[in-house]
Amino acid sequence: MKKFFIKLIIFIITFLCLTFILVFSVPKDEKDYLCEYNYKVDLLKETKEPRIIFIGGSSVAFGTDSKRISDSLKLNTINFGMHAGMGIKVPIEDCLQFVRRGDIIVLQFEYENFYKGGDGGVETIADFLYYTDFRRNLLGIIRPEYFLFSFPHIAIKNLRIIVYYPFTRTWKLRSLIGNSNYVYSKSGFNEYGDEIGHYNYPSVPFKKKGKVMRNMPIDKTFINWLSNTINDYEQKGTKVIMLPPVCIKSHFERSYSDAIGIALDKIGHPYIYSPKKMVLEDKYSFDTEYHVNKEGVNINTQHIIESLRFIKKQHP
């Protein structure tokens, strides 16, 4: 038995050492899509008042023309949309520490969060932690097992890079998220945090038929968390607005349930705009159900401005 424990300890130490070496010895791709997150945090720190902050997944990143919103509403606009795979708890709770009294917070996140609890996927969270240099203070937000998984996950990815390097001559892995060949990169973002790199890239009609979620129960724990977190924002003197995400028609019919609206009504923060008005025809899809092409961005931005016109009256 003693020999077994000795071998086990040696194995664990060896595994940890190899993992550490693989995680930190391979040069990190500083242009990876998720590297943009730290820049968006800098926007929260540096952008002057008056401010309007949009928080969501990639539907916000890919569907918003922040300059147009800023010019229309006369508010400095920050696009804090990133990646639906991160869930919504991470960006909402992380943003909370940087808001200021008088900020307008627009929560515009994907419907899946209402059914799946808003925690995100373990692999995306692992990538997120790595590409943000483990700098975010998220120990109370991200589930502990996600942190533990992140190191072996990145070690395996970096091992692949090492194996492929003699053939590719690059330390980078292409970030392919949608069903197109578009390479998701930090370079695709503008100074507001909008993803504009896809504007002049050919659209690929979205054909994936995902799971019908509209019949799934709403996650009550998530709704309670959302209510408490909105209260935390309001305690800091911000105004919080719930706005439906842009998505294409075929996905909306599978993902949206009136139960979402009922749940938001019960916590006193209903959508200020009809979810159906935020739906676009499938032809406006760029490469996923929540990513719209340049024409779709223009239409969606107009919908956003229309839904927030009352703000313009408050900030003449």
(message) For a quick check of your reading: which helices (runs of 4 or more DSSP H) sit entirely within region 84-136 and have at least 3 residues that are of a type in the set (Val, Ile, Thr) and at positive phi?
(response) none
(request) Name, by its number, the condition in (1) farther than 17 Å from Pro27 by Cα; (2) modelled with pLDDT under 70 that does not hold for Tyr182. (result) (2)
(request) Look at region 281-302 and say how many of its residues are surrounded by 19 or more Cβ atoms within 10 Å (Cβ to Cβ) and within 30 Å of Thr229 (Cα to Cα). (result) 8
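Looking at region 222-316, what helices (runs of 4 or more DSSP H) fall wholly within it and have at least 3 residues that are under 19 Å from the mean Cα position of the chain (by Cα) and modelled with pLDDT of 95 or more?
294-307
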(message) What's the total number of residues in region 69-83 that are outside any helix (DSSP H, G or I) and crowded, with 20+ Cβ neighbours inside 10 Å?
(response) 8
(message) Being touching an Asp or Glu at 6+ places or on another chain (Cβ under 9 Å), farther than 24 Å from Val90 by Cβ and of a type outside the set (Ser, Thr, Tyr) is the requirement here; does Lys239 meet it?
(response) no
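Rundown of residues vs (1) farther than 16 Å from Ile21 by Cα; (2) of a type outside the set (Gly, Ala, Ser); (3) modelled with pLDDT under 85, yes/no style:
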{"position": "Phe109", "(1), (2), (3)": "yes, yes, no"}
{"position": "Asn113", "(1), (2), (3)": "yes, yes, no"}
{"position": "Asn137", "(1), (2), (3)": "yes, yes, yes"}
{"position": "Pro152", "(1), (2), (3)": "no, yes, yes"}
{"position": "Ile161", "(1), (2), (3)": "no, yes, yes"}
{"position": "Lys172", "(1), (2), (3)": "yes, yes, yes"}
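Within region 211-218, is there a residue that is more than 19 Å from Glu289 (Cβ to Cβ) and either among the hydroxyl-bearing types (Ser, Thr, Tyr) or at pLDDT 85 or above (or both)?
Yes, region 211-218 has at least one match.
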(request) Consider Val90 carefully, then state whether it is within 16 Å of the chain's Cα centre (by Cα) and within 25 Å of Glu289 (Cα to Cα). (result) yes
(request) Please enumerate the residues belonging to region 216-265 that are among the β-branched types (Val, Ile, Thr) and touching a Ser or Thr at 6+ places or on another chain (Cβ under 6 Å). (result) Val246, Ile248
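The values are calculated or read from the model by the stated rules, or taken from the named source; none is laboratory data. Computed from a predicted model, the values in this text were never measured in an experiment. Heads up, the Cβs are rebuilt from the backbone with ideal geometry, glycines too, and the neighbour counts pull from every protein chain shown.
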